[in-house]
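Q: Shown below is the structure under consideration.
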Amino acid sequence: MILLQIIAGGLLLGAVYALFSAGLSLIWGMMNVINFAHGEFVMIGMYVAFLVVTALNGGPVAFAPAAAAFLFLLGVVVYFGLIRHIIRGPMIAQILSTFGLALLLRYVTFWLFSANFRTLPDNLIPGTVDLGGVLLGMPQLVAGGAAFVLTIGAHLLLTRTALGSRLLAVAEDRSAAMLMGIRPDRMQALAWGLSAAGAGIAGALIATFYPFSPGVGETFALTAFVVVALGGFGSIPGALVAGLLIGVIQSLSAYAFGPVYKDVVVYALFVAILWVRPQGLMGKLV
């Protein structure tokens, strides 16, 4: 029963990993841009939740949409203010620009909130759920369930809607998309907005059970890169599978070897899988 509880907890955490990693995968699939500030988007979502709770006495119904809206706007601003100008430049310019953006967001947050760790009140999503002897905290259950549904929703948006078809058309051939009347700048800005919004929602959900400070974005960025590379760059289903897998492996490793070694096991397995399948679990070999 303990093993089932550990696996269930890992799946819920992995679903949240998948949600914020799906946005990173979307940006890579559309523009071949690696966003090193993606972890900071997650971190900002946590602080938006904190502000909504402490300043407005809002709950999850308020802070999750607030995080999504704020981060969507931030993603669009980042695209028009930075990414549009460097997207056709050398890869090193893209890397250094998004890395610099990550540092800017991190240290502005340090300036505004200090380096102290923050937490949300325990009574925001109180209680536990007993699923046949498997006890799951409501914050983790809500976060994991919402993240899973939203990740599936993102995949359906891309594959089953006209908007998704336009986004994929720009990703496939920007010039051909323009000939079809699609405005690539608008679609790419939308992709950045959606990517950041997903990270913001994930951050707000994680904040209900995870202490945070301005430096926490670095940890989430590393996790997102592992998830995306393992699942396959550009594949949202791959991000979902990889996120769930990493969540379970982390939980089992923490139980078997101690929390200090959980990431060691994950990264060792990550390297081993990419050694055999460099395109990731569900990526295409170029």
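Q: Being assigned to a loop (DSSP other than H, G, I, E, B), over 17 Å from residue 224 (Cβ atoms) and at pLDDT 75 or above is the filter here, so list the residues in region 270-284 that pass it.
A: Across region 270-284, the qualifying residues are 277, 278, 279.
Q: Here's a follow-up. So which residues in region 194-235 are of a type outside the set (Gly, Ala, Ser), surrounded by fewer than 24 Cβ atoms within 10 Å (Cβ to Cβ) and not in a helix (DSSP H, G or I)?
A: 209, 210, 211, 233
Q: Take residue 83 and decide whether it is hydrophobic (A, V, I, L, M, F, W, C) and within 22 Å of the chain's Cα centre (by Cα).
A: It is true that residue 83 is hydrophobic (A, V, I, L, M, F, W, C) and within 22 Å of the chain's Cα centre (by Cα).
Q: So, one more: Filter region 169-189 down to the residues that are in contact (Cβ under 8 Å) with a residue 12 or more places away in the chain, out of contact with any Lys or Arg (no Cβ under 6 Å at 6 or more places or on another chain) and surrounded by fewer than 19 Cβ atoms within 10 Å (Cβ to Cβ) and list them by number.
A: Listed by number, the residues that qualify are 169, 185.
Q: Which members of region 131-187 meet the condition of being among the hydroxyl-bearing types (Ser, Thr, Tyr) and touching a Leu at 6+ places or on another chain (Cβ under 7 Å)?
A: Correct list: 151 only.
Q: A further question follows. Looking at (1) in a helix (DSSP H, G or I); (2) more than 30 Å from residue 139 (Cβ to Cβ), can you tell me which one residue 181 breaks?
A: Every listed condition holds for residue 181 apart from (1).
Q: Restricting attention to region 112-151, which residues are surrounded by fewer than 17 Cβ atoms within 10 Å (Cβ to Cβ) and assigned to a helix (DSSP H, G or I)?
A: Of everything in region 112-151, those that are surrounded by fewer than 17 Cβ atoms within 10 Å (Cβ to Cβ) and assigned to a helix (DSSP H, G or I) turn out to be 112, 113, 138, 145, 149.
Q: Consider residue 201 carefully, then state whether it is within 26 Å of residue 61 (Cβ to Cβ) and β-branched (Val, Ile, Thr).
A: yes
The values are calculated or read from the model by the stated rules, or taken from the named source; none is laboratory data. None of these values were measured; they are calculated from a predicted model. Every residue, glycine among them, receives a Cβ derived from its backbone with ideal geometry; neighbour counts consider all protein chains shown.
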